[in-house]
Amino acid sequence: MVTYEELYERVKNEVSEKRFKHILGVVSRAEEYAKIYGVDLKDARYAAILHDVAKEYPDETSYEIFEKYGYEPDEVEKKNHNLLHGKVAGLIAKYEYGLSDDIVNAISYHTTGRENMSMLEKVIYLADATEPGRVYPDKSNELTVGQTVNLVKKDIDEGMLYVLKWNLESILRKELYIHLDSVKAYNFYKK
């Protein structure tokens, strides 16, 4: 079994300093949420350290990894390339490290979310959205990251709904394609 230290070194060597700082912030926030919601700390650390390992890969590298592991990106993933890195990182977690399905899913869906997420999936999705260095310049008149953290700590599903809503609004403002998983996630947590 791969160690956290081995994953840490791989990620550190494959991403920029700025991206690595973000990743470490996600690890820290994921540990915080995992303790509150009874998620295995090791699983949270593994998912958090790997979630953006492919973020800076050129599209060509992402597509090579998809082909290698027999994954075909859907139409929205092809049109919104920001969605590719989560799936690529999930494939790395699964096929290169043999990590659990829950860790793989937490990594794979950290950009879109999905309906009926496991607690680990929610922890990683929200840790990515609220890591300590995160700044939302266009988030005027809305909750600050610190207030969002407090909301997540109080009720993780309310935190999911809030962050999903904000993400959907942001995607619409940018006129990007919206993945159906995000819409289904919003509808699920809206219930």
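The values are calculated or read from the model by the stated rules, or taken from the named source; none is laboratory data. Keep in mind the model is a prediction, meaning the values are calculated, not measured. Don't worry about glycine lacking a Cβ; one is built from the backbone with ideal geometry, like all the others, and counts go over all protein chains shown.
Y186 fulfils the conditions (1) modelled with pLDDT of 95 or more; (2) within 21 Å of K35 (Cα to Cα); (3) within 16 Å of the chain's Cα centre (by Cα) except for a single criterion, (2).
Quick one: which helices (runs of 4 or more DSSP H) sit completely within region 2-73 and have at least 2 residues that are under 17 Å from the mean Cα position of the chain (by Cα) and not polar (S, T, N, Q)?
It comes to 4-14, 17-37, 41-50.
Scanning region 146-162 for residues that are free of Cβ contacts under 8 Å to residues at least 40 places away in the same chain, closer than 13 Å to Y125 by Cα and among the aliphatic types (A, V, I, L, M) yields a total of 1. Do we find a residue being more than 17 Å from M117 (Cα to Cα), of a type in the set (S, T, Y) and at pLDDT 90 or above anywhere in region 149-169? No, region 149-169 contains no residue that is more than 17 Å from M117 (Cα to Cα), of a type in the set (S, T, Y) and at pLDDT 90 or above. Exactly one residue out of E121, E175 is more than 15 Å from the chain's Cα centre (by Cα) and free of Cβ contacts under 8 Å to residues at least 40 places away in the same chain: that is E175.
Residues that are without any contact (Cβ under 8 Å) to a residue 40 or more places away in the chain and surrounded by 17 or more Cβ atoms within 10 Å (Cβ to Cβ) within region 80-110 comprise L84, H85, G86, K87, V88, A89, G90, L91, K94, V104, N105, S108, listed in sequence order.
Please find, among E32, E56, E64, the residue that is over 28 Å from L168 (Cβ atoms), surrounded by fewer than 22 Cβ atoms within 10 Å (Cβ to Cβ) and either of a type in the set (D, E) or in contact with a Phe, Trp or Tyr (Cβ under 8 Å, 6 or more places away or on another chain) (or both). Please lay out each step first, then the result.
Details: E32 fails: over 28 Å from L168 (Cβ atoms); E56 fails: over 28 Å from L168 (Cβ atoms).
One residue alone meets the criteria, E64.
Scanning region 154-176 for residues that are farther than 24 Å from G38 by Cα and either basic (K, R) or surrounded by 14 or more Cβ atoms within 10 Å (Cβ to Cβ) (or both) yields K165, W166, N167, L168, I171, R173, K174, L176.
One line per residue, one yes/no per condition, for (1) among the charged types (D, E, K, R); (2) under 21 Å from Y8 (Cα atoms):
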| position | (1), (2) |
| --- | --- |
| D43 | yes, yes |
| L50 | no, yes |
| V53 | no, yes |
| E72 | yes, no |
| E77 | yes, no |
